[in-house]
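Student: Supplied in structure tokens, the structure appears directly below.
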Amino acid sequence: MANKINGSDTFSPLPSQIDLELLEALLEPEDATYPWNPADEESEAYFQELEQQFGMQDLLDEELTRRSQDFYSHLDALWSGITSTSEDNDNRQQAVVLNLQETLRATFSACVPQTLLNTIATKAAEIFAARQLISEQLVECVQTVLPTWETEDLLVLARPFAYAMRSSESQNAASALSNLNNNEWTALSEIEQAKATLAIASYAFIQLNNCESEL
């Protein structure tokens with residue numbers, strides 16, 4: 001008998017527990033909990049819960065949309081304020097430069113090239129608020145128009161002007177140009193040009209300081 005069973009072509013081993021659980025999972029319908037009979041009491045509760053969920057989701061979506069709009073409106077307002085402030089600062093800086101250029105030209109244009117005066121005015125306004133020693137500011141201001149001079153040499157020449165500015169002594173920068181008389185700028189020696197340029201730079205910083213004090 002056993003031989004017949006063992007030799008039977010129709011014999012198959014019993015499924016394992018894992019096979020049975022897999023089969024059960026595959027045969028279980030996805031909507032097994034769906035109340036197909038609307039007349040059941042449980043169906044009413046089921047549909048009410050669904051409606052509440054949908055209602056809450058609608059409210060959440062509406063609130064999210066409103067908050068998003070408020071957030072982006074706030075960002076637009078902030079960006080507009082930043083842009084406006086930046087433009088105001090740029091316009092003010094440009095006005096300061098133009099005013100200083102006009103002042104320097106009115107004072108020194110008879111004996112100093114206008115291009116040099118404009119360059120000093122622009123640079124002075126740019127670095128006026130920098131946290132530097134006065135002598136370093138003077139040197140940085142004139143280096144563009146005195147490219148062949150070493151920084152250390154310019155610092156030595158700048159010290160008298162820096163001291164006068166620190167001590168609030170009244171110094172007319174035009175006095176540093178007294179050696180010009182009726183001479184052309186190009187007729188001056190290099191050291192005379194350097195001293196005159198530093199004098200003009202110190203005058204420019206004094207004008208900027210006075211302008212700031214009046215604001």
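Student: Counting just the residues of the stretch 161-188 that are open to solvent by 80 Å² or more (accessible area, probe 1.4 Å) and closer than 25 Å to ASN210 by Cβ, which one comes out modelled with the highest pLDDT?
Tutor: Once the filter is applied, the top-ranked residue is TYR163.
Student: Within the stretch 107-145, which residues are open to solvent by 10 Å² or more (accessible area, probe 1.4 Å), within 17 Å of ILE191 (Cα to Cα) and hydrophobic (A, V, I, L, M, F, W, C)?
Tutor: The answer is CYS111, LEU116, VAL145.
Student: Would you tally the residues in the stretch 107-137 being β-branched (Val, Ile, Thr), free of Cβ contacts under 8 Å to residues at least 24 places away in the same chain and within 18 Å of GLN207 (Cβ to Cβ)?
Tutor: 1
Student: Does the stretch 146-155 hold any residues that are assigned to a loop (DSSP other than H, G, I, E, B) and open to solvent by less than 60 Å² (accessible area, probe 1.4 Å), and which are they?
Tutor: Result: LEU146, TRP149.
The values are calculated or read from the model by the stated rules, or taken from the named source; none is laboratory data. No experiment lies behind these values; they were computed from the predicted model shown. Glycine gets a Cβ as well: all are built from the backbone with ideal geometry, and neighbour counts include every protein chain shown. For the accessible areas, the whole protein counts, side chains as well, though only heavy atoms, and no ligand, DNA or RNA atoms are used. Shrake-Rupley method; radii C 1.70, N 1.55, O 1.52, S 1.80 Å.
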